[in-house]
Amino acid sequence: MPIRNHASIVAAVSLFAAGCSFQPKYERPATSVAATYPSSGIYATQPVAEPGRSAGGLAAADIGWREFFSDPRLARIIELALINNRDLRVAMLNVAQVRAQYQIVRAQLFPSITASAAEDVTRTPKDLSFFNQTISREYTVGLNASWEIDFWGRIRSLKDQALEQYFSTAEARKAAEISLVSQVAAQYLTMLAVDDLLKVTEGTLKTAQASYELTELQFANGTGSELDLRQAQTILEQASANLHAEARARAQAENALVLLVGTPLPDDLPPGRTLDAQDLLADIPAGLPSDLLTRRPDIMEAEASLLAANANIGAARAAFFPSVVLTGSAGTASLTLGGLFKPGSAAWAFTPQITLPIFQGGQNVANLDFAHIQKNIQIASYQKSIQTAFRDVADGLAARSTYDAQIAALERNTFAEQRAFDLSTLRYKSGVDSYLSVLTAQTNLYAAQQSLINARAARLTNLVGLYVALGGGWLQHTGEAPRPADADTDYRAMRALKGASPQAAPQG
């Protein structure tokens, strides 16, 4: 049969089989969470928009982190981290690696064609040769082709699996960037909180030093007791120890921030804001839990992994059926180099091969069972990622609704402790009370100041966490078009290539 007839039959069969696939129909698993977030009890009181600083009803995923954070110093540090952080760089390289793996698998759908040229030299013993020709040569030049016809969709299923793995890795890289923005902001806020704690401790130490010198003078003059002196010394030494501990914590907090940024902090950073002046957007709407399915990259990563496992079942099922491989070659052959391209030197070969699995010791059955188990694992992981996201948002909403009232109470408590300390000091100097009342009042004031600073830092950190939990942190500016999950994060390059089309996902 002529080659073109073979090709026609193969083309017809391949077209007929193109729609054959054993992949199960994908249905998104149940979310297993409530349809809405909690809204009663402590959840009922949520912050309202502040003048000039409002989310304007925009979802977190639509708000750029430059608009969410108002501190220019923090914004610059985040930008440096997105350029230099090594973990984010590894996440981006993982995307490139999986993209290459996808392209390798996809290439199996197409024929493999190679060109070859060969010289075959053979020596035959003289007793076995004809006409005493012990050396014979054969020259060939031609094309070789091999193609596995994907009748049952095995290769297409593997291609789909590789593509979904690529999407999963891309979403993981997106989650890594969002997490980096959150971690840098949280660490920056921690540094500011330690700065405030240092100021409070320095003030307490200064006051304690003055009190100690006064009691020491009174003790030397015989008008004060050693008990008062030692009580004054206790708070002095405690404040001194705290100052050293907080100075150490400040240095370590900056070291942690430098590690996240991936480069030493430059000297030309813009001026920053204090902890009290961190005006973060506090009125971002929560939306619905179903919104998280398309706004949280960790959920989208889990679903892509589930789709990859679903496609792998199709490949495992197709392994039970015959595989068809077409192999052929066409070219010229001659006993002499000069005769390769003379008339009559054409040569071709066509070798179709069908392989049918008969007995493999249960390997195919085990592979199919393995594929089903993998899918079930991914279903559970997907549902758990949704439940985790729901909890993240619910915890953030519970904290957002209570921190303002807590901080207001702590501010009133700090004011009261300050007045108590001032009055106790006056009464002690007037000889009405012992130094123990001053010591107690100063200890309570110091603790109240620390609690207020820690609560302010926790409130801000929670707002950052809630912004990220709702899917924010991917956009740089509000209103810009969302970037693909595998987009570059080098903002210097992005500024240089402003207006260029983003990197596209592999086509399949």
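Among the residues of the stretch 408-416, is any at pLDDT below 95 and polar (S, T, N, Q)?
no
Looking at the stretch 317-360 only, could you name the residues that are at pLDDT 85 or above, loosely packed, with under 13 Cβ neighbours inside 10 Å and not in a strand (DSSP E or B)?
The answer is PRO322, LEU356, PRO357, ILE358.
Consider ARG273 against the criteria (1) of a type outside the set (Ser, Thr, Tyr); (2) closer than 26 Å to CYS20 by Cα; (3) in contact (Cβ under 8 Å) with a residue 24 or more places away in the chain; (4) assigned to a loop (DSSP other than H, G, I, E, B): it satisfies all of them except one. Which criterion is unmet?
ARG273 satisfies every listed condition except (2).
Taking the stretch 449-485 on its own, how many of its residues are closer than 30 Å to GLU417 by Cα, over 22 Å from the mean Cα position of the chain (by Cα) and of a type outside the set (A, V, I, L, M, F, W, C)?
Taking the stretch 449-485 first, the residues closer than 30 Å to GLU417 by Cα are 449-463.
Going one step further and asking which of them are over 22 Å from the mean Cα position of the chain (by Cα), we end up with 449-459.
Then keep just the ones that are of a type outside the set (A, V, I, L, M, F, W, C); that gives 449-451, 454, 456, 459.
The total comes to 6.
Looking at (1) in contact (Cβ under 8 Å) with a residue 40 or more places away in the chain; (2) out of contact with any helix residue (DSSP H, G or I) (no Cβ under 7 Å at 6 or more places or on another chain); (3) part of a loop (DSSP other than H, G, I, E, B), which is the only condition ASP267 fails?
So ASP267 meets the others, but not (1).
Would you check if there is a residue in the stretch 224-241 being surrounded by 13 or more Cβ atoms within 10 Å (Cβ to Cβ), among the β-branched types (Val, Ile, Thr) and touching a residue at least 60 places away in the same chain (Cβ under 8 Å)?
Checked against the condition, which is being surrounded by 13 or more Cβ atoms within 10 Å (Cβ to Cβ), among the β-branched types (Val, Ile, Thr) and touching a residue at least 60 places away in the same chain (Cβ under 8 Å), the stretch 224-241 yields at least one hit.
Residues are listed down the side, and each one gets a yes or a no for (1) more than 23 Å from the chain's Cα centre (by Cα); (2) part of a helix (DSSP H, G or I); (3) among the small types (Gly, Ala, Ser):
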position: TYR26; (1), (2), (3): yes, no, no
position: THR36; (1), (2), (3): yes, no, no
position: TYR43; (1), (2), (3): yes, yes, no
position: ARG66; (1), (2), (3): no, yes, no
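Could you grab the pairs with beta carbons closer than 7 Å, sequence gap of 6+ or different chains, first residue in the stretch 82-104 and more than 22 Å from GLY473 (Cβ to Cβ), second one in a helix (DSSP H, G or I)?
VAL98/GLN165; VAL98/TYR166; VAL98/THR169; ARG99/TYR166; GLN101/ALA162; TYR102/ALA162; TYR102/LEU163; TYR102/TYR166
Before we move on, is SER451 without any contact (Cβ under 8 Å) to a residue 24 or more places away in the chain, surrounded by 15 or more Cβ atoms within 10 Å (Cβ to Cβ), on the phi < 0 side of the Ramachandran plot and of a type outside the set (Phe, Trp, Tyr)? Working first, answer last.
On the way: without any contact (Cβ under 8 Å) to a residue 24 or more places away in the chain: no; surrounded by 15 or more Cβ atoms within 10 Å (Cβ to Cβ): yes; on the phi < 0 side of the Ramachandran plot: yes; of a type outside the set (Phe, Trp, Tyr): yes.
Answer is no for this residue.
As an exercise: evaluate GLU246 against (1) closer than 30 Å to LEU466 by Cα; (2) free of Cβ contacts under 8 Å to residues at least 40 places away in the same chain; (3) in contact with a Ser or Thr (Cβ under 9 Å, 6 or more places away or on another chain) and give the number of the one condition it does not meet.
(2)
Restricted to the stretch 247-287, and to residues that are among the aliphatic types (A, V, I, L, M) and more than 26 Å from the chain's Cα centre (by Cα), which residue is surrounded by the most Cβ atoms within 10 Å (Cβ to Cβ)?
Start the filter on the stretch 247-287 by keeping residues that are among the aliphatic types (A, V, I, L, M), which leaves 247, 249, 251, 253, 256-261, 265, 269, 275, 277, 280-282, 284, 286.
Remaining after also requiring more than 26 Å from the chain's Cα centre (by Cα): 247, 249, 251, 269, 275, 277.
Values: ALA247: 13, ALA249: 16, ALA251: 12, LEU269: 13, LEU275: 19, ALA277: 10.
Applying the filter and picking the extreme gives LEU275.
Every residue, every condition in (1) among the polar types (S, T, N, Q); (2) closer than 30 Å to GLY472 by Cα; (3) surrounded by 13 or more Cβ atoms within 10 Å (Cβ to Cβ); (4) at pLDDT below 90, yes or no:
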position	(1), (2), (3), (4)
LYS384	no, yes, no, no
ALA399	no, yes, yes, no
TYR403	no, yes, yes, no
THR425	yes, no, yes, yes
SER430	yes, no, no, yes
TYR435	no, no, yes, yes
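Across the stretch 83-101, what is the total count of residues that are part of a helix (DSSP H, G or I) and either over 12 Å from the mean Cα position of the chain (by Cα) or basic (Lys, Arg) (or both)?
Residues that pass the stated criteria total 11.
Read through the list (1) among the charged types (D, E, K, R); (2) within 30 Å of TYR188 (Cβ to Cβ); (3) surrounded by fewer than 21 Cβ atoms within 10 Å (Cβ to Cβ), then give the number of the only condition that ARG456 fails.
(3)
Can you name every residue in the stretch 391-448 that is in a helix (DSSP H, G or I), over 48 Å from the mean Cα position of the chain (by Cα) and among the β-branched types (Val, Ile, Thr)?
THR425, VAL438, THR440
List every residue pair whose Cβ atoms lie under 6 Å apart, where the two residues are 6 or more positions apart in sequence or sit on different chains, the first residue falls within the stretch 155-166 and is of a type in the set (Asp, Glu), and the second residue, located anywhere, is part of a helix (DSSP H, G or I).
ASP160/ALA311; GLU164/ALA304; GLU164/LEU307; GLU164/ALA308
Just to be sure before I move on: is LEU243 farther than 21 Å from ALA176 by Cα and part of a loop (DSSP other than H, G, I, E, B) in the structure I sent?
no
The values are calculated or read from the model by the stated rules, or taken from the named source; none is laboratory data. All values reported here derive from a predicted model rather than from experimental measurement. So basically every Cβ, Gly included, is an ideal-geometry build from the backbone, and we count neighbours across all protein chains shown.
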